[in-house]
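One structure is given here, and the rest of the page talks about it.
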Amino acid sequence: MRKPLIAGNWKMHKTLAEARELVNSIRDGLRDDAHVDVLICPPFQLLAPMAKAVEGSRIMLGAQNAHEASHGAFTGEVSVPMLADAGCTHVIIGHSERRHIFGETGSLLAKKVRAVIGGGLEVVYCIGETLEQREAGRTQAVVEQQITEVIGKDIAPDRLTVAYEPVWAIGTGRNATPEQAQEVHALVRSKLAAMYDRAAADSIRILYGGSVKPNNAEALLAQPDVDGALVGGACLVAADFLAIIAAAGSVVTAAR
Ligand code: PEP
């Protein structure tokens, strides 16, 4: 059974004082059980202090983006070696806001994914269709293309997590139903099986993201191919993030 991962994408939120308060509350509220992996992805300026704040806990630290080069004249950018130096173990690549607001393309994301893995970190690679694409019946084609244009056999499966985040569900309060999520997750896993093999595909975690909240988390996480959640809004409130982690723990316990 794949161990669930609950990841929080803080986006462009929190000052240092606010971040300390949030992370301390998450630390204090985390149960001892090690059945669920927990990852927080604060903005760049908080990474080094948050690395200190999570020291000695089982909370892992990730970044929300990285540049594809290791160093150089790229004003305003941050590289993978810098993120590793700050204490990150994971980097989110291809979030829909990076694709749609900042124009990141498949070929750029393919370079970024390889930079993350080449730098010794794990990647959380985001995919997902827009509402227009879903309504045009193109969900499968879009998701398959987002996988094939970025992921390849050269990407070690044990360094890869995929996050399915339908764009229409991000920050809208409108989540995919558990059945809709399961349908796409199963499709993603079969695509990964065709690319790698069945054993590798079965080992890769596929997270669902898009308005995951305490009241819908358990039903989503109970789906056989939903291996965790990438959480935006609800990860900014410690009680909500902890409730989603607890929901993942309940699903694991119920399956034993
Ligand atoms: C996200 O940004 O990755 C996300 C899923 O946001 P929200 O949970 O707020 O929809």
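Let me confirm something: among ALA234, ALA246, ALA254, ALA219, which residue is within 19 Å of ASP28 (Cα to Cα), away from the ligand (no atom under 15 Å from the Cβ) and either buried (at least 19 other Cβ atoms within 10 Å of the Cβ) or in contact (Cβ under 8 Å) with a residue 24 or more places away in the chain (or both)?
Details: ALA234 fails: away from the ligand (no atom under 15 Å from the Cβ); ALA254 fails: within 19 Å of ASP28 (Cα to Cα); ALA219 fails: within 19 Å of ASP28 (Cα to Cα).
That would be ALA246, the only listed residue that is within 19 Å of ASP28 (Cα to Cα), away from the ligand (no atom under 15 Å from the Cβ) and either buried (at least 19 other Cβ atoms within 10 Å of the Cβ) or in contact (Cβ under 8 Å) with a residue 24 or more places away in the chain (or both).
Please specify each residue of segment 1-34 satisfying the condition of being within 16 Å of the ligand (Cβ to nearest atom) and closer than 23 Å to VAL162 by Cβ.
PRO4, LEU5, ILE6, ALA7, GLY8, ASN9, TRP10, LYS11
Considering only segment 57-72, I want to know if a residue exists there that is assigned to a helix (DSSP H, G or I) and modelled with pLDDT of 95 or more.
As a first pass, look at segment 57-72 and keep what is assigned to a helix (DSSP H, G or I): none.
No: zero hits.
Within segment 94-109, is even one residue out of contact with any Asp or Glu (no Cβ under 9 Å at 6 or more places or on another chain), farther than 28 Å from PRO166 by Cβ and either hydroxyl-bearing (Ser, Thr, Tyr) or more than 16 Å from the ligand (Cβ to nearest atom) (or both)? Full working, then the answer.
Step one: filter segment 94-109 for residues out of contact with any Asp or Glu (no Cβ under 9 Å at 6 or more places or on another chain), giving 97, 99-104.
Add one more test, that the residue is farther than 28 Å from PRO166 by Cβ, and what stays is none.
No, there is no match, as no residue in segment 94-109 is out of contact with any Asp or Glu (no Cβ under 9 Å at 6 or more places or on another chain), farther than 28 Å from PRO166 by Cβ and either hydroxyl-bearing (Ser, Thr, Tyr) or more than 16 Å from the ligand (Cβ to nearest atom) (or both).
Of all residues in segment 199-255, how many are of a type in the set (Ser, Thr, Tyr), within 17 Å of VAL38 (Cβ to Cβ) and out of contact with any Phe, Trp or Tyr (no Cβ under 8 Å at 6 or more places or on another chain)?
Within segment 199-255, the subset of a type in the set (Ser, Thr, Tyr) is 203, 208, 211, 250, 253.
Now narrow it down to the ones that are within 17 Å of VAL38 (Cβ to Cβ): 208, 250, 253.
From what's left, out of contact with any Phe, Trp or Tyr (no Cβ under 8 Å at 6 or more places or on another chain): 250, 253.
Number satisfying all stated conditions: 2.
Give the number of residues within segment 157-174 that are out of contact with any helix residue (DSSP H, G or I) (no Cβ under 6 Å at 6 or more places or on another chain), assigned to a strand (DSSP E or B) and of a type outside the set (A, V, I, L, M, F, W, C).
Counting residues in segment 157-174 that are out of contact with any helix residue (DSSP H, G or I) (no Cβ under 6 Å at 6 or more places or on another chain), assigned to a strand (DSSP E or B) and of a type outside the set (A, V, I, L, M, F, W, C) gives 1.
Among the numbered criteria (1) away from the ligand (no atom under 13 Å from the Cβ); (2) acidic (Asp, Glu); (3) surrounded by 17 or more Cβ atoms within 10 Å (Cβ to Cβ), which single criterion is violated by ASP240?
Failed condition: (1).
The values are calculated or read from the model by the stated rules, or taken from the named source; none is laboratory data. Just so it is clear, the structure is predicted and the values come from calculations on it, not from any experiment. With ideal geometry, Cβ positions are generated from the backbone for all residues, glycine too; neighbour counts draw on all protein chains shown.
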